[in-house]
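Heads up: the structure comes next, in structure tokens.
The values are calculated or read from the model by the stated rules, or taken from the named source; none is laboratory data. Since the model is a prediction, treat every value here as computed from it, not as a measurement. Backbone-built Cβ (ideal geometry, glycine too); neighbour counts: all protein chains shown.
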Amino acid sequence: MAKKNNGKPSLDRWQVPVGGKGFALKDCDPGAKPYGNGDKNGDKARVAELASEIDALQDIFWADQRFKLLVLLQGTDTAGKDGTIRAVFKETSPLGVRTHGWKAPSTLERSHDYLWRIHQQVPAAGEFMIHNRSHYEDVLVPVVNGWIDRKTTEQRYRQINDFERLLTETGTVVMKFMLHISFDEQRQRLQERIDDPAKHWKFSMGDLEVRKQWKDYQQAYENLLRATSTEWAPWTVVPADSKTHRNLMIATLVRDQLKALKLRYPPDDPRLKGLVVQ
């Protein structure tokens, strides 16, 4: 377990330093459980409690209207992006929370710059927006497949950093989570999808081809994490071989971030004082 500060796990090992100095993805154990207490049932109960806390904070967040929250969930196939959304945000009101899952760009989207479609799906004032995958796909898939060169890749890193700076400077809190699983854990989860007819819809033969590129994707992830962890939008690597721990860590960090905003309800209308409804 990571060292704790005032009873809380330290993020030092899991938050990618600004500029990526000294960071290596191989040093992040996907089987670690820095936020766990060694009791799976207890950790599951804590996730449920945190989901309720996030719901209460989301209510004030929606009323406050000073902020916007963008949560990016990035990870390989089977890393648990869908499961995280279900567990962490299951209590929140649909009125103030939206999700978007990113697929390969459409013909229309490809006719614009690669961030055009992303900007249309960022949160409005008072909203939570959760992205299942994100604009970081544009420095993963094209890089691994050799569709863009190093110069273009580095250019995109700079553009993404500037884009996220724009968002944060206009009131958006950006939280970026890389769900980190091991090669063997992915094998088990893919096999579960093959063996369970109810999960066949989640499986694609293309998943096996992408799995063959595992080392290339791990390197591409390390490169983007180092290049795009900034003061305004740092990356957090979440050890995710344990689904319960993954949910617990992300729920804790989202709750803590919301509490740090010192959210407040808008001022009361003075006309309400002493008002009695007849």
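For residues that are modelled with pLDDT under 95 and among the basic types (Lys, Arg), tally how many sit in segment 220-278.
Of the residues in that region, 2 qualify.
Which of the numbered conditions does Glu53 fail, given that it passes all the others? Conditions: (1) acidic (Asp, Glu); (2) assigned to a loop (DSSP other than H, G, I, E, B); (3) touching a residue at least 60 places away in the same chain (Cβ under 8 Å).
Only one criterion in (1) acidic (Asp, Glu); (2) assigned to a loop (DSSP other than H, G, I, E, B); (3) touching a residue at least 60 places away in the same chain (Cβ under 8 Å) is unmet by Glu53, namely (2).
Got a sec? Which helices (runs of 4 or more DSSP H) wholly within segment 82-145 have at least 3 residues that are surrounded by 15 or more Cβ atoms within 10 Å (Cβ to Cβ), more than 19 Å from the chain's Cα centre (by Cα) and not polar (S, T, N, Q)?
141-144
Does Asp12 satisfy the criteria of being over 23 Å from Lys215 (Cα atoms), assigned to a loop (DSSP other than H, G, I, E, B) and not basic (Lys, Arg)? So that I can check it myself, show each step before the final result.
Values: over 23 Å from Lys215 (Cα atoms): yes; assigned to a loop (DSSP other than H, G, I, E, B): yes; not basic (Lys, Arg): yes.
Criteria met by Asp12.
For Ser204, indicate whether it is of a type in the set (Ser, Thr, Tyr) and in contact (Cβ under 8 Å) with a residue 60 or more places away in the chain.
Considered against the rule, which asks whether it is of a type in the set (Ser, Thr, Tyr) and in contact (Cβ under 8 Å) with a residue 60 or more places away in the chain, Ser204 comes out as no.
Can you tell which of Gly42, Gly31 is farther than 27 Å from Ile160 by Cβ, touching an Asp or Glu at 6+ places or on another chain (Cβ under 7 Å), small (Gly, Ala, Ser) and at pLDDT 95 or above?
The conditions single out Gly31.
Condition (residue is surrounded by 13 or more Cβ atoms within 10 Å (Cβ to Cβ), under 23 Å from Gly171 (Cα atoms) and touching a His at 6+ places or on another chain (Cβ under 6 Å)) applied to segment 33-50: is it met by at least one residue?
The answer is no, given that none of the residues of segment 33-50 is surrounded by 13 or more Cβ atoms within 10 Å (Cβ to Cβ), under 23 Å from Gly171 (Cα atoms) and touching a His at 6+ places or on another chain (Cβ under 6 Å).
Only residues that are assigned to a loop (DSSP other than H, G, I, E, B) and either among the hydroxyl-bearing types (Ser, Thr, Tyr) or touching a strand residue (DSSP E or B) at 6+ places or on another chain (Cβ under 7 Å) (or both): list them for segment 70-81, please.
Those that are assigned to a loop (DSSP other than H, G, I, E, B) and either among the hydroxyl-bearing types (Ser, Thr, Tyr) or touching a strand residue (DSSP E or B) at 6+ places or on another chain (Cβ under 7 Å) (or both): Thr76, Thr78, Ala79, Gly80.
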